[in-house]
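Chemist: Quick one: the structure is below, and I'll ask about it shortly.
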Amino acid sequence: MTNRAETRFRPRDGALLDLDSLLAISEAPGHVLQAWLTARWPGTHGMVLEGLQLAGAAVEGPPGTRRPDAARREVLVSKGSAVVTGADGLPTFVRLEREVAVPWPVPELGSTVQGVLALLVEEEPQTATGGLLVARSRQTVRLGFARLDQAGLPNILPLARSIGNSRDWATDISRLLRPEDDIVQDLLRQLRPLEGRIWDADPKGSVWDNAVLGRHWVRYQTMAVAVLHATRTQLQTMAMTTQERVRLLCNLREVLQNSVEEVADLITKQIGRPEFADAYRPVVDAAR
């Protein structure tokens, strides 16, 4: 067994407040945020908590796909907040108080460039009058573009990523969204017509041919409608991360595949081709 000790701040009467004690205080908020991230999404380095959305029309594709105005030489990002990895390797909370215009990396190409719009935090030590070093630093939030292969770096929080058609950008990459968010509402609108398609579907598919659930077609339809209602209920009642929404749609597609197969294929078609799917790629891959 390997033991690993962590320094914790424990004030006692008469105890010295040394540098290690101050470090323990400064690192505590980061450890709390790290524990929260691990609980909601193991392995992630950050998450958008609200806002920080690209301006643009919602278009077909994976949830959160946006098409920015091709005539503009910059993209607008709404105000909002996020948890992002700081210079010390620990998560930190950041907030943008107003909308920000971010120039495209190649203005003449506009939104057709390939890359990642990302948020990162820069930290600069502060000094007092006379150049004396003080125990604080200034954190600066930067928005800019990075290469696609840089999207997974710990200090970069992707806000949007270009997808295959060179016009649209996937934005539901690492986000915590409440039920009233536009992305969730768009997803719910896409799911709503599926119930009618389930009840109108004819008995067919390999599961029906093999009589996996028997020879009563309404049993297959009821199973499909039940999981559809369960999926919509979760989306409508709780804040969920991108990973949780992906898992939810994967489960929906799996159950539909084992009941009313033709409706399962509609889920995949809504997300689009694999090169467009981005974070929702597991839903598309489940159909292959």
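Chemist: According to the square roots a ≥ b ≥ c of the eigenvalues of the Cα gyration tensor, what is the shape class of the chain, taking rounded for a/c under 1.5, prolate for a/b larger than b/c otherwise, and oblate for the remainder?
Modeler: Oblate is the answer for the chain, as a/c is 1.5 or above yet b/c matches or exceeds a/b.
Chemist: Further question on the same structure: Using the Cβ atoms and a cut-off under 13 Å, what net charge is assigned to the surroundings of L33, where Lys and Arg are +1 and Asp and Glu are -1?
Modeler: Overall, the nearby charge balance is -1.
Chemist: What is the Cα centroid distance between region 66-130 and region 240-268, reported in whole angstrom?
Modeler: 33 Å
Chemist: PRE reach from Q139 (point 7 Å along Cα→Cβ): which of region 11-41 fall under 13 Å by backbone N?
Modeler: Counting backbone N atoms under 13 Å from the label point, the list is 26-34.
Chemist: What FRET efficiency, computed as 1/(1 + (r/R0)^6) with R0 = 45 Å and r the Cβ-Cβ distance, is obtained for S78 and D202, rounded to the nearest 0.05?
Modeler: Plugging the Cβ-Cβ distance into 1/(1 + (r/R0)^6) gives 0.50.
Chemist: OK, next. Which order, highest average first, do 176-183, 253-260, 113-120, 144-151 follow once you tally other Cβ atoms within 10 Å for each residue and take the mean per peptide?
Modeler: 253-260, 113-120, 176-183, 144-151
Chemist: Turning to a different aspect of this structure: Can you sort E6, E195 so the residue with the fewest Cβ neighbours within 10 Å comes first?
Modeler: Going from least to most buried by this count: E6, E195.
Chemist: Then there's this: Using Cα atoms only, what is the angle between the long axis of helix 242-257 and the major principal axis of the chain, expressed in degrees (0 to 90) to the nearest 10?
Modeler: 10 degrees
Chemist: For Q126 and T38, what is the calculated FRET efficiency with R₀ set at 25 Å and r taken between the beta-carbons, to the nearest 0.05?
Modeler: 0.25
Chemist: Could you work out the helix-only [θ] at 222 nm for the chain, with each DSSP H run of four or more residues adding -39,500 (n - 2.57) and the total divided by the number of residues, to the nearest 500 deg cm²/dmol?
Modeler: -10500 deg cm²/dmol
Here, each number is a calculation from the coordinates, and none is a lab measurement. Note that the structure is a prediction, hence the values are computed from the model and not measured. As a convention, Cβ positions derive from the backbone with ideal geometry for all residues, glycine included, and neighbour counts pool all protein chains shown.
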